[in-house]
Amino acid sequence: MKISLTVNGRKIQEDIQESMLLIDFLRSHGYTSVKRGCETSNCGLCTVLMDDHPILSCSMLAARADGHSIVTLEGAGKEAEAFAEFMAKEGAEQCGFCSPGLIMNVIAMKKELKNPTKEEIKQYLSGNLCRCSGYMSQMRAIEKYLQEESV
Amino acid sequence: MKQISQPVVKKDAAALLSGKPVYTDDLAMKDCLIIKLLRSPHAFAKIKKIDTSKALRIPGIEAIFTYEDVPNTRFTLAGQTYPELSPYDGKILENIVRYVGDEVAIIVGKDEMCCEQAKKLIQVEYEVYEPLLDFTKAIDNKIVVHPEDDYKYLVDIGNEVKRNIVSQGRDEAGDVEKELSLCDVVIERDYHTKANAQAMMETFRSYAYLDAYNRLNIVSSTQIPFHVRRIVANALELPKSKIRVIKPRIGGGFGAKQTACCEIFSAFVTWKLKKPSKIVYTREETFMASNSRHEMKMHVRVGAMKDGTICAIDLHTLSNTGAYGEHGPTTVGLSGHKSLPLYKLNASCFSYEVVYTNTMRAGAYRGYGATQGIFAVESAINELADALKMDPCELRLKNMVEEGDIMPQYYNETANSCTLKDCLLKAMELIDWKNKSLKTDLGDKVRGLGVALAMQGSGIANVDVGSVRIKLEDDGFYTLSIGATDMGTGCDTILAQMAAECLDCEVDQIVVQGVDTDSSPYDTGSYASSTTYVTGMAVVKACEQLKEKIVKEAALLMQTKEEELVFDGKMIRTLDENKAMSLNEFAYLCAAGGKGKMLMADDSHSSMVSPPPFMAGIAEVDVDKLTGEITMHDYVAVVDCGTVINTNLARVQVEGGIAQGIGMALLEDIVYDKNGRMIANSFMQYKLPTRKDVGEIRVDFMPSYEPTGPFGAKSIGEVVINTPSPAIASAVAHASGQYVRTLPITPEKVLGFKHED
Amino acid sequence: MLKIQKYVRAESLEEAYQELIKNRNNQIIGGMLWLKMEDRVIPSAIDLSKCQLDSIEENENEFKIGAMCTFYQLETHEALNQMCQGMIAKSVRDIVGVQFKNMATIGGSIYSRFGFSDILTALLCLDCDVVCYKKGQIALKEYIHEPYEKDILTHVIIHKRKMKAAFECVRRSSTDFSVLNAAGALIDHQLRICVGARPHKAEMIEIEEQCDLQDILKQVHEAMPCESNMRASKEYREHLRDVLVEKVVNELKGEKA
């Protein structure tokens, strides 16, 4: 079937298999920041923004993204870069495999929540698993980033 | 020191945080054939017949291989130095399957969909055997997991395979029975730790291709590229010279990738079909068909006097290695040798058996047996403190190992660097121990405190080898080649920091690369907490050599004597400062023909000792009186890892290890059904701690100085997972009155609804 | 692996319905989070995204929730949660994460009537109807006992009532399935108590407000038995059932838990 969508501002039209998942569509177009960590919609690694909302690209048919706008880390621009710097300064990325999904959800959170508390941050990001960091360094990076941005 | 003990940003941070294609599956060529594996639905069975004819008719299917198509040699998947201590008990495919998930057929096709379709059409006729699932009944069971005749082992490990014993042994220091008989109090308990999944975010994966020289190239997410070369050579019956292994960025390992689970399949397929092939394990396969922590049952007897003097500890460990023996004989050793030395004892005894069952193979997971043993010994010490009505910290301060002590259960090594006492005192201060009681009633909840100590090793003494090569390049920068495998921990950066410190330059001036067995110097790999300590020392030695070479070459070029020259990292000048040359100029001269020569140095290191890092952890948890729910309130940890090389990365290691330890203590449990099928085989059923589950984790360091380590450093990667289980168990016991001795500590067990097994 | 042979983005409910009944295995796709994990072939997967079912409409008497509304829309809808003191938000808050909640749909969840469902437990206590394309409007408490029919759940309607409401659950990890969940509402002096994830699907009983706790528990025991599964034993669940129901009742009656 034919779909037409926008990925990182670029229009893509393609004939796809009906069963194709959005994650595989994105990876096949070179957006390999999008990672798969599970098959049960539990890890958050594959998070991308669809019309500004964070979703799990592993659990969405590419067909469903027809007519929508998708943003992956490759297209997240300055915002992602700014937050990445705080992550790097804490050594919070570790193996880095969960970083793209986390960064996308942090961007979504920043847009949605005004001056979130620590508890609200944890709540919003609870669907992003990380096995390396123990989450503390991520929290330090997020708090510093949000502070910086609000100045 | 300018570069050591600094929060240097990881060299790969920018790439990882911008989502660059640097991991195995990002790099695989698009025309790779896809490999899927048909796995056994039975825990123990013989394959009588396999018919692949229907499956082969599916469009897109390239080949299907069964046990009849693969080499007959037995080998081990364990990433260990040859001769491995793990038995050679497996094949690529075999006509006997020994656990639910064991490989039956290799399906190769153009995409995943056709492979999955073909998988359903392979007809297998099994003769199903009764499986051996309970590891406490393994020894001398009528069911023998490895009845075959060509089973072999390379080293005496106390193996009695027909009794299902992979390995057994006993180490006694002093007369334990006599000491225990003299004690005022003897605590005798059983503790049980479960198989846990390492659960790194990137599942197992590798791809293979043939190069212009008809050599087999394997790109793999592995901790052990050089061992993979040997394992694949063994499995495929090829000379090692035919094989090259490349390690790109890895999405975590935690020991899981110290076992070469998937590489043999892509290697075999590519060698056979002469086409590139790729295998990516699903999360389900990673759970049910790779490797996990060894499940262990430990029997502990601790004897002490009324005044709190601990006299003797007797520990017996029974370890479940599953269907294959990878890391079985070695992990069990750590359960005793890295728990008993925490205390000064008159006598100690450690005995063990490791047994086969028809469950998934166990393997390496951070802590490697020490985690299990420390849960048992530290829990028993906590129960002793409660029995003596003594403060558990006071009891420890009175008995713990100190610098200069000889550790009889630690191969008689001396603790040459140890600030464990300061670690505990600092942890007590951080949590405000003196002003808190072990139990505080909060109304609906009760808050409890618990403590534990831990140790680990730094590399494997006389076994691990790290080697490095460092080259001065023509612009005055350096290329550091290492065989150690950064798996997200940041060892590339840490080793570059050491090189920069030695060479008096900025870390940016040191270039590092991933591992390529063709071009990287040999390294046993990143496991056993060895990289900072062992490979780090090789970096120091190589850099010292290079500095000498720089001065020697400069003396020729500057027409002066070596003794007259000083190299400060930027300039090479004579003592009288009459002549000077920048490193940059010097490097260009070296590269210019006819004048100088290109400089490089290499060295390797292996240590005769394995100095333990130490740590103290204190858990503060809340237990709901009615539901039994356990909430992590606070966790403080203070670590002696010798000199801290990278203050950020060390801290994150500690925080990450504690979070995994919290998972082990409270949540994680690989559960099988009565037929031996793993039912906790996804992130939906096997719960990792989320950021809402770990509470606050606070970390500090009490650096000692380890004389045999680079800049005084010891290891940190593994010791950090060892304190949470015993500390949390004790905190929960203080809060609830219920001592849970079988992990994980669930609300149900706390309220006594589920009996311990 | 899930294999979809034909993907139909229906322009109308009639088109969706006609497609649905063409083949026994044709299927409406909601959030697809559960469906995606299945290993089967779907001849025709019918997407309702274009059927204008993705908003929560409020009028004087009710909240009319389109089947394609996500859990996150429910969680963040102020007026709806104001009416029930945040009980709906609380019931979906800890379901995996925000990304998951942005995809999981109310229609998919209520149609499926999963045993582990938190939202079903919560909604059962409210004055709540389900609207199906063919069957029409039916009370949720009846709908849960209906067989799985070839029909399209189009809306969930929550009638506006003055109420007190509460939701409680116990989870092994903070975003896991509930080991057991309980919800309650006090509407017109009538207590509605519901316990789910026992692990059977939620059931609801209605009790006079004056009933004391022992009577309530007795009725709960009869109507809502517990069983064991890998998350908890029957005995622990039975204990939790009493504890959580008591908590809920205390919250409804304004007493300290």
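Check A:A62 against each of (1) more than 9 Å from every other protein chain (Cβ to nearest Cβ); (2) open to solvent by 10 Å² or more (accessible area, probe 1.4 Å); (3) farther than 23 Å from B:D693 by Cβ; (4) in contact with a helix residue (DSSP H, G or I) (Cβ under 8 Å, 6 or more places away or on another chain) and name the one condition it does not meet.
The single condition A:A62 does not satisfy is (2).
Residues checked against (1) within 14 Å of another protein chain (Cβ to nearest Cβ); (2) within 30 Å of B:T708 (Cβ to Cβ):
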{"residue": "B:D576", "(1), (2)": "no, no"}
{"residue": "B:S582", "(1), (2)": "no, no"}
{"residue": "B:C590", "(1), (2)": "no, no"}
{"residue": "B:P612", "(1), (2)": "no, yes"}
{"residue": "B:V636", "(1), (2)": "yes, yes"}
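Anything in the stretch B:415-442 that is among the small types (G, A, S) and in a loop (DSSP other than H, G, I, E, B)? List them, or say none. Can you show your working first?
Here is the first cut: in the stretch B:415-442, the residues among the small types (G, A, S) are B:415, B:417, B:427, B:437.
Within the stretch B:415-442, B:A415, B:S417, B:S437 qualify.
State yes or no: is B:N646 facing chain A (nearest Cβ under 9 Å), crowded, with 24+ Cβ neighbours inside 10 Å and more than 19 Å from the chain's Cα centre (by Cα)? Give the derivation first.
Values: facing chain A (nearest Cβ under 9 Å): yes; crowded, with 24+ Cβ neighbours inside 10 Å: yes; more than 19 Å from the chain's Cα centre (by Cα): yes.
Answer is yes for this residue.
Does any residue of the stretch B:143-152 turn out to be in contact with a helix residue (DSSP H, G or I) (Cβ under 7 Å, 6 or more places away or on another chain) and either within 14 Å of chain C (Cβ to nearest Cβ) or open to solvent by 20 Å² or more (accessible area, probe 1.4 Å) (or both)?
yes
Would you mention how many residues in the stretch B:585-622 are of a type in the set (A, V, I, L, M, F, W, C) and over 25 Å from B:E429 (Cβ atoms)?
12
Condition first: open to solvent by 30 Å² or more (accessible area, probe 1.4 Å), part of a strand (DSSP E or B) and in contact (Cβ under 8 Å) with a residue 24 or more places away in the chain. Can you find one or more residues in the stretch B:481-493 that meet it?
There is no residue in the stretch B:481-493 that is open to solvent by 30 Å² or more (accessible area, probe 1.4 Å), part of a strand (DSSP E or B) and in contact (Cβ under 8 Å) with a residue 24 or more places away in the chain.
Suppose we filter the stretch C:3-20 for residues that are in contact with a strand residue (DSSP E or B) (Cβ under 8 Å, 6 or more places away or on another chain) and open to solvent by less than 50 Å² (accessible area, probe 1.4 Å); how many remain?
9
So if I check each of B:I250, B:I246, which one is open to solvent by less than 10 Å² (accessible area, probe 1.4 Å), over 28 Å from B:L318 (Cβ atoms) and not polar (S, T, N, Q)? Let's see the steps before the verdict.
Values: B:I246 fails: open to solvent by less than 10 Å² (accessible area, probe 1.4 Å).
Of the residues listed, the single one that is open to solvent by less than 10 Å² (accessible area, probe 1.4 Å), over 28 Å from B:L318 (Cβ atoms) and not polar (S, T, N, Q) is B:I250.
Would you confirm whether any residue within the stretch B:659-671 is open to solvent by 30 Å² or more (accessible area, probe 1.4 Å), outside any strand (DSSP E or B) and farther than 19 Å from B:I618 by Cα? Working first, answer last.
In the first step, residues of the stretch B:659-671 are kept if they are open to solvent by 30 Å² or more (accessible area, probe 1.4 Å); the result is B:671.
Restricting the remaining residues to those that are outside any strand (DSSP E or B) gives B:671.
Now narrow it down to the ones that are farther than 19 Å from B:I618 by Cα: B:671.
Yes, there is a match, as at least one residue in the stretch B:659-671 is open to solvent by 30 Å² or more (accessible area, probe 1.4 Å), outside any strand (DSSP E or B) and farther than 19 Å from B:I618 by Cα.
In the stretch A:12-49, how many are open to solvent by 30 Å² or more (accessible area, probe 1.4 Å), away from chain B (no Cβ under 14 Å) and touching a residue at least 12 places away in the same chain (Cβ under 8 Å)?
So the answer is 2.
Condition first: surrounded by fewer than 24 Cβ atoms within 10 Å (Cβ to Cβ) and within 17 Å of B:P707 (Cβ to Cβ). Now tell me which residues in the stretch B:522-549 satisfy that.
Those that are surrounded by fewer than 24 Cβ atoms within 10 Å (Cβ to Cβ) and within 17 Å of B:P707 (Cβ to Cβ): B:V540, B:K541, B:E544.
Might you let me know whether the stretch C:152-163 holds any residue that is open to solvent by less than 10 Å² (accessible area, probe 1.4 Å), at pLDDT 95 or above, more than 14 Å from chain A (Cβ to nearest Cβ) and farther than 23 Å from C:M68 by Cβ?
Scanning the stretch C:152-163, I find no residue that is open to solvent by less than 10 Å² (accessible area, probe 1.4 Å), at pLDDT 95 or above, more than 14 Å from chain A (Cβ to nearest Cβ) and farther than 23 Å from C:M68 by Cβ, so the answer is no.
Residues to consider are B:R170, B:R163; find the one that is without any contact (Cβ under 8 Å) to a residue 60 or more places away in the chain, of a type in the set (D, E, K, R) and within 17 Å of B:G328 (Cα to Cα).
Working: B:R170 fails: without any contact (Cβ under 8 Å) to a residue 60 or more places away in the chain.
Within the list B:R170, B:R163, the selection yields B:R163.
I'd like the full set of residues that are surrounded by 24 or more Cβ atoms within 10 Å (Cβ to Cβ) and touching a helix residue (DSSP H, G or I) at 6+ places or on another chain (Cβ under 7 Å), limited to the stretch C:187-198. Break it down into steps so the answer makes sense when it comes.
Kept after step one, since they are surrounded by 24 or more Cβ atoms within 10 Å (Cβ to Cβ), are these residues of the stretch C:187-198: C:193-198.
Matches in the stretch C:187-198: C:I193, C:C194, C:V195, C:G196, C:R198.
Of all residues in the stretch B:605-642, how many are touching a helix residue (DSSP H, G or I) at 6+ places or on another chain (Cβ under 7 Å) and open to solvent by 20 Å² or more (accessible area, probe 1.4 Å)?
Residues meeting the conditions: 5.
Out of everything in the stretch B:16-72 that is surrounded by fewer than 16 Cβ atoms within 10 Å (Cβ to Cβ) and polar (S, T, N, Q), what residue ends up being farthest from the other protein chains (Cβ to nearest Cβ)?
This residue is B:N72.
Residues in the stretch B:217-236: is at least one of a type in the set (K, R), within 14 Å of chain A (Cβ to nearest Cβ), open to solvent by 10 Å² or more (accessible area, probe 1.4 Å) and over 17 Å from the mean Cα position of the chain (by Cα)?
Initial filter on the stretch B:217-236 (of a type in the set (K, R)): B:229-230.
So of that shortlist, the ones also within 14 Å of chain A (Cβ to nearest Cβ) come out as none.
The answer is no, given that none of the residues of the stretch B:217-236 is of a type in the set (K, R), within 14 Å of chain A (Cβ to nearest Cβ), open to solvent by 10 Å² or more (accessible area, probe 1.4 Å) and over 17 Å from the mean Cα position of the chain (by Cα).
Taking the condition touching a Phe, Trp or Tyr at 6+ places or on another chain (Cβ under 7 Å), in contact (Cβ under 8 Å) with a residue 40 or more places away in the chain and not polar (S, T, N, Q), does B:F350 pass?
Numbers: touching a Phe, Trp or Tyr at 6+ places or on another chain (Cβ under 7 Å): no; in contact (Cβ under 8 Å) with a residue 40 or more places away in the chain: yes; not polar (S, T, N, Q): yes.
In short, no.
With respect to A:L125, determine if the residue is surrounded by 24 or more Cβ atoms within 10 Å (Cβ to Cβ) and within 14 Å of chain C (Cβ to nearest Cβ). Walk me through it before giving the result.
Values: surrounded by 24 or more Cβ atoms within 10 Å (Cβ to Cβ): yes; within 14 Å of chain C (Cβ to nearest Cβ): yes.
When the stated conditions are applied, A:L125 passes them.
Among the listed residues B:V124, B:V155, B:V161, B:V144, which satisfies the condition of being over 29 Å from the mean Cα position of the chain (by Cα) and not assigned by TED's automatic domain parsing to the domain that holds B:T52? Let's see the steps before the verdict.
On the way: B:V124 fails: not assigned by TED's automatic domain parsing to the domain that holds B:T52; B:V155 fails: over 29 Å from the mean Cα position of the chain (by Cα); B:V161 fails: over 29 Å from the mean Cα position of the chain (by Cα).
None of the others qualify; the one that does is B:V144.
Among the listed residues A:A88, A:A76, A:A82, A:A92, which satisfies the condition of being more than 10 Å from chain B (Cβ to nearest Cβ) and at pLDDT 95 or above? Steps first, answer last, please.
On the way: A:A88 fails: more than 10 Å from chain B (Cβ to nearest Cβ); A:A76 fails: more than 10 Å from chain B (Cβ to nearest Cβ); A:A92 fails: more than 10 Å from chain B (Cβ to nearest Cβ).
After ruling out the rest, the residue left standing is A:A82.
So C:S91 passes all but one of these: (1) open to solvent by less than 10 Å² (accessible area, probe 1.4 Å); (2) within 13 Å of chain A (Cβ to nearest Cβ); (3) within 28 Å of C:V195 (Cβ to Cβ). Which condition number does it fail?
Just one mismatch for C:S91, condition (2).
What are the pairs, 6+ residues apart or on separate chains, where a residue within the stretch B:289-311 that is assigned to a strand (DSSP E or B) has its Cβ under 7 Å from a residue that is open to solvent by 10 Å² or more (accessible area, probe 1.4 Å) and basic (K, R)?
The qualifying pairs are B:E295/B:K194; B:V300/B:R189.
I'm checking my understanding of the structure. Among residues of the stretch C:23-42 that are loosely packed, with under 15 Cβ neighbours inside 10 Å and in a loop (DSSP other than H, G, I, E, B), which one is nearest to the other protein chains (Cβ to nearest Cβ)?
We begin by selecting, within the stretch C:23-42, every residue loosely packed, with under 15 Cβ neighbours inside 10 Å; these are C:23-25, C:38-41.
In the following step, the residues that additionally are in a loop (DSSP other than H, G, I, E, B) were identified as C:23-25, C:38-40.
Numbers: C:N23: 15, C:R24: 19, C:N25: 14, C:E38: 11, C:D39: 8, C:R40: 11 Å.
Looking at residues that are loosely packed, with under 15 Cβ neighbours inside 10 Å and in a loop (DSSP other than H, G, I, E, B), I get C:D39.
Give the residues of the stretch C:71-95 that are not in a loop (DSSP other than H, G, I, E, B) and not aliphatic (A, V, I, L, M), sorted by residue number. Quick ask: steps written out before the conclusion?
Filtering the stretch C:71-95 down to residues not in a loop (DSSP other than H, G, I, E, B) leaves C:71-75, C:78-83, C:87-93.
Correct list: C:F71, C:Y72, C:Q73, C:E75, C:E78, C:N81, C:Q82, C:K90, C:S91, C:R93.
Name the residues in the stretch C:30-43 that are modelled with pLDDT of 95 or more and either under 26 Å from the mean Cα position of the chain (by Cα) or on the phi > 0 side of the Ramachandran plot (or both), would you?
Across the stretch C:30-43, the qualifying residue is only C:I42.
Considering only the stretch C:119-151, how many residues are open to solvent by 10 Å² or more (accessible area, probe 1.4 Å) and under 24 Å from C:R237 (Cβ atoms)?
2
The values are calculated or read from the model by the stated rules, or taken from the named source; none is laboratory data. What you see is a predicted model, and the numbers here were worked out from it, not measured in a lab. FYI the Cβ positions are ideal-geometry reconstructions off the backbone, even for glycines, and counts take in every protein chain you see. Heads up: the accessible areas ignore ligands, DNA and RNA and are worked out on the full protein's heavy atoms, side chains in. Shrake-Rupley method; radii C 1.70, N 1.55, O 1.52, S 1.80 Å.
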